[in-house]
Amino acid sequence: MTVSERLEATAELDRWRAQILQWILLISTVLSLPPYGFAIQIAVEDGDFIPLGLSHVVGFFLLASITAMGRLPFRARAGILVGIFVLAGGTILARYGPISGGRLLFFAAVAQAAVFFGFRTAAYVLALTMAILSLVAAGFITGYFPETGQSFSHGWISWATAGMTYLFLAGGVVASVGFITQKLEESWCTCRELLREVRSLNEELEERVRLRTARLAAVNSELEAFAYSVSHDLRTPLRAIHGFSRALEEEYHSKLDETGKDYLERVIRASGRMDTLIDDLLELSRVTRSPLERAEIDLSQIARDIGEELRRGNPSREVSFDVESEVKASGDERLVRIVLQSLLENAWKFTSRCDDPAVAFGRIDVDGATGFRVCDNGIGFDMNYAGRLFMPFERLHSDNDFEGTGIGLATAQRVVAMHSGRIWAEGAPDGGATFTFTLPS
Amino acid sequence: MEKHILLVEDNRDDETLAVRALEKTEIGANVVVARDGAEALDYLSAKGTRALRSGSGLPSVVLLDLQLPKMDGAEVLKRIRASESTKYLPVVVFTSSGEPRDLARSYQSGATSYVRKPVDSDAFARTTQQIAHYWLSINEPSP
């Protein structure tokens, strides 16, 4: 027999066992209905509690052993419990109250059957009982009808049925208690199991978080080391290139023709550009790695400071620099400064060919939220290429016209993204440019 | 006793450029070059082959690169500061790196000053000359 076959066979067996038990219960219920009330009534009136007690005890142990061998369905147990309570209540009422114990117990038994086996079976029980009662009324069975108040002979039938009822009830008590404790234990075990699972899941999660954090830290420190290496190891040979080219220019210029001087000049310029590129790349990498420290920052002041720096670096240029006052926001001051630096430097740079260069910084409403804008009236750009503006190394103007590495805007975008904001640009060729960004709080 | 500068630098290109710049200064400073930390310390401590320094005394300033073979610049700096004779010797850390980590470490190890080597050679020359001028002409050394 395979495992599944065995399981199926066991399940079959269980089902049969349950069925048999159910039949036993059904029969004993039916048979015990009428004498129920009678036996108790008599016992109570006659003060004859000993037979009652005896049969109860016997029944208790017998049915306990039967039901211990199998499982009763929940309904069975519930029904038994109902029976017990009504029995007790009925006894009291029969003795002291106006209602006939027998009649009450009759209804109790029907209710019990309904709970046990469903309403259909309850109807059968009802029918069967009515049949027995008719037999009693017709005189075929004596002493069963409690209403007439006839003297009742303590026949062995009534004892048998009473005994069976108690068997039934006792077993039900045991089964119910057993059932309840079993369920409690199950829930307890399930609870414990679940708790253990949750705890181990938590531990697993925490371990995973620890690993991820460690890996992140490792990656970050690798990046840092890389940036460091870039910073130092790339610059040293670059310095040599620049230095010796200049040395060549200074000491051998008499031996060089125009082309030679031009070549040398280009070498020098290229190495200078590479230096700026390294600086910009390092800044981009630093920006990405640095944690965000939010505070209330004064953008107007930052813009004014940058304006001052630009003017000092280029005192010959006359640029109208307009900064709206009291523009405040929440963000990392150091990082936001980088954004404004990039935007304002660009505005400054791209208005260099303007007759009347003007750069402005201020607040603007963006769909109900506060946005910040830097605009200029410089060379502008073609909106068709607006998408490329913020990508590293992408440039919309040739290097000869305007110096630049093309990283400034990529860095600005990275910072704005770190603040969960947006940055975009509008412009037209020779029509100036406007860069807008948001810093959601 | 002629004033001179001790340049601790292992890179030949940087050495040539620095020496070239320093030779152009008005003061006409002499440059002694040490290739690594051990050489530099030997020279300064009057021990070993460079001992006696041919009677020229301590340099007016030490230009110290951080990236040196065997012993790194910060370590050299600590040892210079540990010795009684060179405790107040002006040491200018002269390096490509601008990383805050290096800055912190250098000052913690006892650097007098920290200067980033510019890539642009004109700036490099100017910077080197300014350093030389300051420490040789303007600064008053400790007795």
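The values are calculated or read from the model by the stated rules, or taken from the named source; none is laboratory data. Every value quoted in this text rests on a predicted model; they were computed, and no experiment measured them. As a convention, Cβ positions derive from the backbone with ideal geometry for all residues, glycine included, and neighbour counts pool all protein chains shown.
Some values worked out for this structure:
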| read-out | value |
| --- | --- |
| From the options B:ARG20, B:ARG79, B:ARG105, residue that is at pLDDT 90 or above, within 14 Å of another protein chain (Cβ to nearest Cβ) and surrounded by 15 or more Cβ atoms within 10 Å (Cβ to Cβ) | B:ARG105 |
| Unmet criterion (only one of (1) aliphatic (A, V, I, L, M); (2) modelled with pLDDT under 90; (3) buried (at least 17 other Cβ atoms within 10 Å of the Cβ)) for A:LEU264 | (2) |
| Filtered residues of segment A:330-362 (kept if of a type outside the set (A, V, I, L, M, F, W, C), surrounded by 20 or more Cβ atoms within 10 Å (Cβ to Cβ) and either in contact with a strand residue (DSSP E or B) (Cβ under 6 Å, 6 or more places away or on another chain) or under 19 Å from A:ARG286 (Cβ atoms) (or both)) | A:GLY331, A:ASP332, A:GLN341, A:SER342, A:THR351 |
| Index of the failed condition, B:LEU136 passing every other in (1) within 14 Å of chain A (Cβ to nearest Cβ); (2) under 23 Å from B:ASN30 (Cβ atoms); (3) buried (at least 19 other Cβ atoms within 10 Å of the Cβ); (4) at pLDDT below 90 | (1) |
| Cβ pairs under 6 Å, 6+ apart, first in segment A:352-380 and assigned to a loop (DSSP other than H, G, I, E, B), second surrounded by 16 or more Cβ atoms within 10 Å (Cβ to Cβ) and of a type in the set (Gly, Ala, Ser) | A:CYS354/A:GLY378; A:ASN377/A:ALA358; A:ASN377/A:GLY432; A:GLY378/A:GLY432; A:GLY380/A:GLY427; A:GLY380/A:GLY432; A:GLY380/A:ALA433 |
| Candidates A:SER254, A:SER271, filtered to the one that is in contact with a His (Cβ under 6 Å, 6 or more places away or on another chain), assigned to a helix (DSSP H, G or I) and either farther than 28 Å from B:GLU99 by Cα or at pLDDT 85 or above (or both) | A:SER271 |
| Filter result (surrounded by fewer than 18 Cβ atoms within 10 Å (Cβ to Cβ) and part of a helix (DSSP H, G or I)) within segment A:287-298 | A:THR288, A:ARG289 |
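Quick grid of which residues meet (1) buried (at least 16 other Cβ atoms within 10 Å of the Cβ); (2) of a type in the set (Asp, Glu); (3) within 14 Å of another protein chain (Cβ to nearest Cβ); (4) within 30 Å of B:ARG20 (Cβ to Cβ):
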| position | (1), (2), (3), (4) |
| --- | --- |
| A:GLU193 | no, yes, no, no |
| A:VAL198 | no, no, no, no |
| A:LEU201 | no, no, no, no |
| A:VAL209 | no, no, no, no |
| A:ALA214 | no, no, no, no |
| A:HIS232 | yes, no, yes, yes |
| A:THR236 | yes, no, yes, yes |
| A:ILE241 | yes, no, yes, yes |
| A:ASP257 | no, yes, no, yes |
